[in-house]
Each structure stands twice: as structure tokens, then as C-alpha cells.
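Asks: Below: one structure in C-alpha cells.
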């Protein structure tokens, strides 16, 4: 058995609880007319509860929580949610997690919460304030016997009544209204598309006594995905489209429906919109400030100048007056809310941004690319970092992290779950395989009909190069993934013979079963990822880990929520049984209160602790 000086067995004061408790997330920033800043915190130590916090412009450094303990601000529209609240003049409205209804809350005094909507089997997302009509405009989702219906509605703030404004498409997102209250712009799309493959950008004239229906502006073909429309204070309309191959910003002329490029960059301004209501750019003093996603790290750019170069990850950008506020993170500090004065250059961390590890104990992300034949993939490599121990010959155990989605992305920021591994002598590769966001439309689309194939090729090319470089021990390579990343991890272990063990966190084991039971948002996604499940049934079987159990020879550990309706627990149990029948070492942990994606801190601690123990049993003695 390797001793405590062996990589993979180093001791560390960074406990499972420490790694999880550092995972507070910030999102959904909004600025009031007086410069007060509001944001949403998602707290793992409160079971993933989301609450609105704020800092008054007149009291910098003083933070308050406004959401009462019995409420959580979280929309479940499209299952992945997104922006669930907005500011009014002297109040705010939010979507409550437990019933998905809209509530109103005052900003001062008793801050009493009053229910606005009472619609059964209905959810709401992206509320915006239509001030002149004393109403909200939001995306509504009705779960009826005939199926799920999505539409844009107006909600009266006087009596909670609901009026349909736009319907007929399968999905809607990003309703925005101009300052005059006369025009509503939005994005829609239909099956079989996803919001990152093809969308339609339209507007609705709100001044007509009888709504004539929306007018399409752009996105009439399947080669363009538009997102994040935005009205400036002066009434100019902008939108992001990937028609150039990159998600860039365009100005829209409503008279002739022309889109004119504002800033043409060979980088993506936004990421794949898995959630609704994201904000990655704004106008300030008639200038565009925007997030530029690059492999080495993102930047917030204003007229060619990087506003906060000490950070390299950003989301939820808002601007008003001289201020730009953004959620930010860096290689050596946790996610934070940052406020930047564009005149003075002053940068202030409002909340978060801690550096919980000493510099010598912190593993910094190293951007890498891996090529095999004509294809290239990208990832971030983390070497072991613990000042109490030495790497010896430099070859260490490797854990390959695979993000979910699969059309999502990972970023070169301080992730304490990764540091948990590097503290113990593991190297980590956080892989943005082909199909990931932030590398342009062509890279994102390279996964079409190739899920379960191209990312496995990328995993192999990355491992081969890291072994060749002498970074890792080829006999101690582990792979893990959550959701679709779990499918890719399981696909890798039956297609490749290079793993000491693998972990699947609520991972897909049978895509045919998933196709038959998944929710509306993703109900045609597998057609794009693999093919038609009827015409291409043999392809589905060829790629299902459950149908290829006889080719899996390395140990596998599973973590599964019993309330998961995306990946059914029965799939994981069947995979577990099949592996055990073959004599493969397998363990499985089922969590009665978890669904798809673990939100309870105790669960996340169990996952880290048991996954580490499981891998340690497979590390070759020669590393000792």
C-alpha cells in the first residue's frame, strides 16, 4: 500500500466540508436607479437555497439579505431556470422555488411578501417591469395533460391576472422592453433546435390596441443562434448572434431589420444559454462593455481596454452611471461580485473573492490544447500543490473532469473541489472537449451526431499527451463526470483501456431511455447529439454504456439522486447490477432527497470522500 508521502495519499487540512462550503454562487445582478446593487446567492450550506442580497450605494461594505428564510428565489422553467426576479421602483418581484409563483416584496420597512400569481401547474421566469402599464412581462410555462406550453405573458401587479402576449413557439426567452414601453423584443425557438443551434429574434409592438403578433427580425434559417437582446437607456436595440461563427454583438435597426456588427471579435461574448436571462454585455456612456470568452481566460472589455485584468471569469454583467458590476473569479480566488468605476478605474470586491489557500498550496489552472490528426481540444491542467509534500519524479495520479451539458464549458478559476484533489497529490485535467461552449460555433457543433465518440477521442488524445510529457502515471488515470459528463466518462471506460477507475454522478447510461423520459427543453436534444432514435436505434445501442457493460473492466463508482427525473435511478441500478454480475468492482450511493444535480452540502461531502477512497484503492503501489 502506498505511504502518506505518495501522490494521491497526501494529507490536507482542506476537508470535504471546506471544499463544499466555499461553493457559494453569485448571479442575477441588478442595479437600481440610485446605484444600489442587488444579487442572488446560492448557498450549499442551506440546501442550495437562493436569496437576494444587496448593498446600498450610500453604505458600501454593508450587505443585507432581503429574502425571508422561508423563501428561495429560483425558477425551474426549462428545468435549468435562470433569472427569477426583477426590481420595481420601491419593491421587487421574485419567483419562489417551492411553488414557482411570482411574489412581490417591498424594499424598505417590513418588507412583507405578497403573492402575485396563483396559477396551478405553472412556472414563471425572467420577469421584467412594464412600468407604464403596472404589470410584469415574463415567460410562462404551463404543465398540462397535453404537454408543456411556453409563452410570453403580462401579469397585472394589481390583481395577478395573466394576459397572453405571444404564443405558438415551443420556447421563449429574453423578453426585453424599451424605455418608452412601446416595443417588446425576445428570442424564440422550436424543436428540434436548442437555443445554441438556431433561434428566431422578433419584436412586438405594444402600442397597438390589439396585438397583431410578433415581427421576425433575424434567425430565419437554422445556421444562426441569436440570444441576449438588450435595450440601452437611449432605446437602441442590440442582440448577440453567431452568424459570423462567433457570438458577437450587433445593433438592430427596427425599421429595416438590419443587424450591424458592433464589435467583431474572434471570441464568444456569451456562453451556451442553458439558463435564461443571462447578461454578458451592457451599454455605458454610449459605449459597449462586454465579456470576451477566451481559452486563457475571459476579459471584461470597454473600448479595447480590459477593466479588471486580475480576474479571468465573468458572468452577470450590469452597468449604470459610471459603474460596471459583474460576477467575477480568478485562478487564485473564489467567485465574487465586483464593482468597477469606469472613470477612475477603481475596482472593489463587494462580496466573495476569498483566497482560502496559501499561494504555495494553490494549484493554478494551466491552459492546454491537445491535438490528434486534424482535431484539437482544450482543457485546464492542475498540478498537485501541497507545500508539505513533493511530487517525486513528477508522475502523479490523474483525474479527468468532464463537465455536463454536454454543450457547456469549464473555466480556469479557483474551484475548491479541484483543489481537494490537488492537495492530496492528484493532477486534474478539466476538459473542454469538442462540443463545449466558448470556442465558436464550429467547435460547438462538432458534437452533432457524435456524442459518445468525439469527446472520447479528445479524452484519449489529452491523456496520451500528458503521459508523454511525463506529467502523470499512465497506470493511475481516473475519469469522472456528472450528467452528460457521466455518460462520456462511462463511454470512455468501455471504449478505452487506460483507466484505473471511473465515477459517474447521475450519469446517463441508456440514451434511448433518456430520450423517452426527459423534459421538454431537451426532448429533441438527443436527435442532434446522436440521431433519430427510431431510424438510428442501432447507433443508440452502440453508444449506450448499459449495452456495453461487457467491455468495462475498470472499477466504477456511482452517485445518484432518488428524485432524479432526468436520469432515472433505475438506470443507475441496472448498470450497477450488470457490472456486479461481471465481477467488476462497483459501488453506488443513492440520495433520497436529491434530484438531478446535488444541492445538499452533506451529499457533496459524501461524494468527495467516497470517490477519493475509491480511487486510492486503485493507485499502483509503485507510486509509493
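Quick note: the coordinates plus some simple rules give every number you see, no bench work behind them. Note that the coordinates shown come from a computational prediction; the quantities given were computed from them, not determined experimentally. Using ideal geometry, Cβ is built from the backbone for each residue, glycine included, and neighbour counts are taken over all protein chains shown.
Asks: For residue 305 and residue 191, compute 0.36 nm times the residue count separating them, minus their Cα-Cα distance, and round to one decimal in nm.
Replies: Taking residue 305 through residue 191 to full extension adds about 37.0 nm, to one decimal.
Asks: Between residue 4 and residue 532, what is the FRET efficiency for a Förster distance of 45 Å, r being their Cβ-Cβ separation, to the nearest 0.05?
Replies: On the way: r = 54 Å, r/R0 = 1.19.
Plugging the Cβ-Cβ distance into 1/(1 + (r/R0)^6) gives 0.25.
Asks: Please report the spacing between the Cα centers of region 1-31 and region 552-606 in Å, no decimals.
Replies: If we compute the Cα centre of each part, the gap is 22 Å.
Asks: Provide 140, 455 in ascending order of the number of other Cβ atoms located within 10 Å of each residue's Cβ, fewest first. Don't skip to the answer; put the middle values down first.
Replies: Details: 140 24, 455 29.
By the 10 Å Cβ count, ascending: 140, 455.
Asks: Compute the angle between helix 569-581 and the longest alpha-carbon principal axis of the chain, please, reported from 0 to 90 degrees and rounded to the nearest 10.
Replies: Helix 569-581 sits roughly 10 degrees off the main axis of the chain.
Asks: Oh, and also: Order these by the 10 Å Cβ neighbour count, fewest first: 581, 141, 605. If you can, show how the numbers build up before the last one.
Replies: Values: 581 10, 141 24, 605 18.
Starting with the residue having the fewest Cβ neighbours, the order is 581, 605, 141.
Asks: By what distance, in whole Å, do the Cα atoms of region 485-624 stretch along each of the three principal axes, largest value first?
Replies: Ordered largest first, region 485-624 gives principal extents of 51, 34, 24 Å.
Asks: P(r) for the chain: what percent of alpha-carbon pairs falls in each 10 Å bin, starting at zero?
Replies: Once binned at 10 Å, the Cα pair distances of the chain give 3, 16, 27, 28, 18, 7, 1, 0.
Asks: Roughly what would the spin-label model give for residue 369 and residue 158, points 7 Å off Cα along C-beta, in nm?
Replies: It is 6.0 nm.
Asks: What base-10 log of the normalised intensity I(q)/I(0) is obtained for region 169-279 from the Debye formula, alpha carbons as equal point scatterers, at q = 0.12, 0.18, 0.22 Å⁻¹?
Replies: -0.38, -0.86, -1.29
Asks: How far is the Cα center of region 182-223 from the Cα center of region 441-469, in Å?
Replies: Value for the Cα centre distance between the two parts: 35 Å.
Asks: At each listed q (0.14, 0.21, 0.23 Å⁻¹), what is the log10 of I(q)/I(0) that the Debye formula gives for region 543-597 modelled as equal alpha-carbon point scatterers?
Replies: Evaluating at q = 0.14, 0.21, 0.23 Å⁻¹ gives log10 I(q)/I(0) of -0.36, -0.76, -0.87.
Asks: Further question: Measuring from label point to label point, each 7 Å out along Cα→Cβ, what is the residue 497 to residue 358 span in nm?
Replies: 4.6 nm
Asks: Semi-axes of region 249-360's equivalent ellipsoid from the Cα gyration tensor, sqrt of 5 times each eigenvalue, largest first, rounded to whole Å?
Replies: On the way: eigenvalues 146, 51, 31 Å².
Here the semi-axes work out to 27, 16, 13 Å.
Asks: Over 5 Å intervals from 0, what percent of Cα-Cα pairs in region 329-473 sits in each interval?
Replies: 2, 9, 17, 18, 16, 14, 11, 7, 4, 1, 0
Asks: Okay, next question. Cα atoms only: what Rg and Dmax, in Å, come out for region 358-623?
Replies: 17.7, 57
Asks: In the P(r) worked out for region 100-195, what percent of Cα pairs fall beyond 20 Å?
Replies: Values: 1814 of 4560 pairs.
In whole percent, the long-distance tail amounts to 40.
Asks: Here is a follow-up. How high is the FRET efficiency between residue 59 and residue 541 when r is their beta carbon distance and R₀ equals 51 Å, given to the nearest 0.05?
Replies: Details: r = 62 Å, r/R0 = 1.21.
Working from the Cβ atoms, E equals 0.25.
Asks: Enter the angle in degrees (range 0 to 90, nearest 10) between the Cα long axis of helix 601-616 and the first principal axis of the Cα atoms of the chain, meaning the one along which they spread out most.
Replies: Taking the Cα atoms of the chain, the angle to 601-616 is about 30 degrees.
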